[in-house]
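Asker: One structure, pasted below without further comment.
Every number here is computed from the coordinates shown, using simple stated rules; none is lab data. Since we're looking at a predicted model, the values are computed, not measured. Here the Cβ positions follow ideal geometry from the backbone for every residue, glycine too, while neighbour counts run over all protein chains shown.
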Amino acid sequence: MREREFWELLEEVFGRTYGRSLAQDQSLPALANMTVVEALDAGEEPRVVWNVLCDQMDIPDAQRWGRDHNAPPLPAV
């Protein structure tokens, strides 16, 4: 997942205003209590940040990938 895709999904799943507010204000304990913006700026993989945010907000798998419901591939290890 590219960062651009992350932001598109954020707006689609949470709405533009609420999504941007979450990105700035919601701390993510699974990522050292960083916000979404801080985690992305720190170099965290956007897909990891997305999954952590969706898990924390109780977004089911069927809804977290937007209209096409296809999860992007996992990053190479």
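Asker: If you wrap the range 3-63's Cα atoms in a convex hull and average its projection over all directions, what's the area in nm²?
Answerer: Working: hull surface 14.5 nm².
So the Cα hull casts an average projection of 3.6 nm².
Asker: Check Met34: other-chain or 5+ apart residues with amide H under 5 Å from its amide H, H built from backbone geometry?
Answerer: Leu28
Asker: How far is it, in nm, from the label point at Glu12 to the one at Ile59 when both lie 7 Å from their Cα along the line to the Cβ?
Answerer: 1.0 nm
Asker: To the nearest 20 Debye, how big is the dipole of the chain about its Cα centre, given +1 on the beta carbon of each Lys and Arg and -1 on that of each Asp and Glu? Provide the component values of the computation, followed by the final result.
Answerer: Numbers: 7 positive and 14 negative charges, 28 e Å.
Here the chain has a charge dipole of around 140 debye.
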